[in-house]
Amino acid sequence: MNYSLLHAAIRNTPAGLILAAALLAPGAARADEVTVTFDSTLRAEPATGRLILLMAESRSGLDPLDAPFWNNPQPICSIAVSGVKPGEAMRIGDVEASFPGPMSSLDGTYRVRAVLDVDRTTGGFNNCEANLISEPVEVAWRSGADDRIEIALSGHIEVPHPQDTDQVKEVSVRSERLSDFFGREVMLRAGVVLPSDYDEHPDRQYAAIYHAPGFGGRHFDAWQRAGSRGGLGDEVINIYLDPDGPNSHHLFVNSANNGPVGDALVHELIPELEKRFRLAPRPEARLLTGHSSGGFTSVWLQVNYPETFGGCWATGPDPVDFRAFQLVNIYDDENAYLDAEGNDRPSVTMGERTVCTIRQENGMEYALDPTGGAGQQWSSWMACFSKRGDDGQPVSIWDLKSGQIDPSLREHWQQYDVRRILEARWNDIGPLMCQRLRIICGEQDNFSLNEAVALLRDSLESLPGWQSQWDTPEQRAAHGYITLVPGGTHMNLMMYGVPRRINQEMEIHLRSSGLIE
């Protein structure tokens, strides 16, 4: 997850792009049926994919295209479509893939948008310009009314196309490994922010800070954050990775569903970056940082490529101990949605208040795509950690309707449990982790990610050489640690001086390594 974007992917749809609307008129169809069409000016060839209907209560002020809403769940439903021609009607009514219930149960005024998702090479319906969308239309939905709702798809999703500048460059490299895995051309991308005086020092080699975006983030962050240069000014090259794939954020975890994405980064993209940008090709010069899903990425890469990267500063990482997958114990719990007392487990909290349950989040993703291809947070985790099904889709470790955990998949998930990896490999990689692995998390994380961080800390403290707390910046720059920040949450953690602390420790590390003066 991403503390700034959270569950939102990049959505940049100017109002001028979207043209036509929907009609609400009396007729023979029921209020629980919507007809959607597109014309040949938008797409000339037949369409195969998924038709999604997104709704948001008008009083909420939400744009349905920003769904799913983790802090204010709204109705969603979808159907699979195949070979639909321009002008041909697609009808969606009471279907299994719906949240929170059948369309016919709706009663109220909603803003409604339709999406035709025809691209499965990138994560989520709102991340590819081939996908068609309608203008938001306000509909007075009356349960049992005899109204016909017709929606015309009228535009495309718009995605950023950043332009290179003197200081910011997009790098795109064909991955042999991923192209072989998917049977099509796959590119690895990064946004590279160069020092302002880069051209004035043609003989200088630079350290790289690799920024792993949180969920919904991509390498486009490089253009947004170029001015700050990661807080180290012109001393380093900041590189923003692109974690997007067919199943959304892939965490750079080699998996049955996402392919060898970690290996592709380490053995294909990084060597190319070091060749193009005078990066020092040694571990001390390769530092990792990221928040939420980007925090997990940083930890994962440091643990699994311990000699490639010289330091990791991860904040609020996705679950690093599967005994606390948020609030689910993957190994011991029977049901992901219900606790031992039969109460729904929270997924998102604000203080003492639950704003979304695990059942609700999974329910919204099921409504987007019941086959597991929703491209949202939970389905992305399934793609990273679970098996690949006979249908080519990730196999969920629990039943998406009931939450019942499939114990036969637990062994497969174990290989992605950071705590288990560290315990099993400590004799080999422990000395490097004691120098390079750093995790900071709020004690009151909104997604309960602190639970896994605390379990990992306790586990490491029982292993030789590990110490979680150090007193001075110099000590922290030279040693691994795990810190839980009192009062810190997923969304306010950076307000506790964390960026300044990380920059200070990175600077000390780079000076001691002779990489900056």
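The numbers here are math on the coordinates, done by the rules we state, and not lab data. Since we're looking at a predicted model, the values are computed, not measured. Here Cβ is always computed from backbone atoms with ideal geometry, including for glycine, and neighbour counts include all displayed protein chains.
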**Q.** Rounded if a/c under 1.5, otherwise prolate or oblate - the chain, Cα gyration tensor axes
**A.** prolate
Q: Tabulate in residue order the Karplus-calculated ³J(HN,Hα) for region 375-381, using 6.51 cos²θ - 1.76 cosθ + 1.60 with θ = phi - 60°, rounded to whole Hz; enter x for Gly and Pro.
A: x, 10, 4, 5, 5, 5, 4
Q. Tilt of helix 449-460 relative to the longest C-alpha principal axis of the chain, in degrees (0 to 90, nearest 10)?
A. 30
Q: List the residues whose amide H sits under 5 Å from the amide H of HIS156, counting only those 5 or more places along or on another chain, with H placed 1.01 Å from N in the peptide plane.
A: ILE133
**Q.** Placed amide H near VAL355: partners under 5 Å, 5+ positions off or other chain
**A.** VAL348, THR349, MET350
Q | Angle in degrees between helix 358-368 and the longest Cα principal axis of the chain, rounded to the nearest 10 | A | 60
Q | Estimated vicinal HN-Hα couplings, Hz - region 34-46 in sequence order (Karplus 6.51, -1.76, 1.60; Gly, Pro = x) | A | 10, 10, 10, 9, 9, 10, 5, 6, 8, 7, 7, 8, x
Q | Positive-end extreme of charge dipole, the chain - chosen from ILE502, ASN254, SER512 (charges on Cβ) | A | SER512
Q: Excluding SER292 itself, calculate the net charge of residues whose Cβ lies under 10 Å from the Cβ of SER292, where each Lys or Arg counts +1 and each Asp or Glu counts -1.
A: -2
Q: Compute the acute angle (0 to 90°) between the alpha-carbon long axis of helix 418-436 and the principal axis of greatest extent of the alpha-carbon atoms of the chain; round to the nearest 10°.
A: 40
Q: Assuming R0 = 35 Å, can you tell me the calculated FRET efficiency for the pair HIS201 and TYR496, based on Cβ-Cβ distance, to the nearest 0.05?
A: 0.50
Q) Using a simple spin-label model with points 7 Å from Cα along the Cα→Cβ vector, what separation in nm is obtained for ASP39 and MET187? A) 3.2
**Q.** Gap separating the Cα centres of region 447-517 and region 230-261, nearest whole Å
**A.** 21
Q) What shape does region 323-414 have by the C-alpha gyration tensor, where a ≥ b ≥ c are the square roots of the eigenvalues, rounded means a/c under 1.5, and otherwise prolate means a/b greater than b/c and oblate the rest? A) oblate
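What value, in deg cm²/dmol to 500, does the helix sum -39500 (n - 2.57) over DSSP H runs of n ≥ 4 give at 222 nm once divided by the residues of the chain?
Mean residue ellipticity, 222 nm, calculated: -6000 deg cm²/dmol.
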Q. Farthest toward the dipole's positive end in the chain, which of PRO306, SER60, TYR110, given Cβ charges of +1 (Lys, Arg) and -1 (Asp, Glu) about the Cα centre?
A. PRO306
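Between beta-carbons, use under 12 Å as the cut-off and find the net charge around GLY487, counting Lys and Arg +1, Asp and Glu -1. Kindly include the intermediate steps, with their values, before the conclusion.
Details: positive: none; negative: GLU443, ASP445.
Every neighbour counted, the sum reads -2.
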Q: Quote the convex hull volume per residue of region 35-142, based on C-alpha atoms, as a whole number of Å³.
A: 105
Q: Subtract the Cα-Cα distance of ASP399 and THR472 from 0.36 nm times their separation in residues, and report this length gain in nm to one decimal.
A: 21.5 nm
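Relative contact order for the chain: what is it in percent, counting Cα pairs under 8 Å that are at least 6 residues apart? If you can, show how the numbers build up before the last one.
Details: 1221 pairs, mean separation 73.2, N = 517.
Relative contact order here is 14 percent.
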(Q) Show me, for region 503-517, the HN-Hα J-couplings you get by feeding each phi into the Karplus relation (A = 6.51, B = -1.76, C = 1.60, θ = phi - 60°), rounded to Hz, glycine and proline as x. (A) 4, 5, 5, 4, 4, 4, 4, 5, 5, 5, 8, x, 8, 9, 8
Q) Taking amide H positions as placed 1.01 Å from N in the peptide plane, with prolines and chain starts having none, which residues 5 or more places from TRP398, or on another chain, fall under 5 Å of its amide H? A) ASP406
Q) By the scheme Lys and Arg +1, Asp and Glu -1, what is the net charge of all other residues having a beta-carbon under 13 Å from that of THR472? A) -1
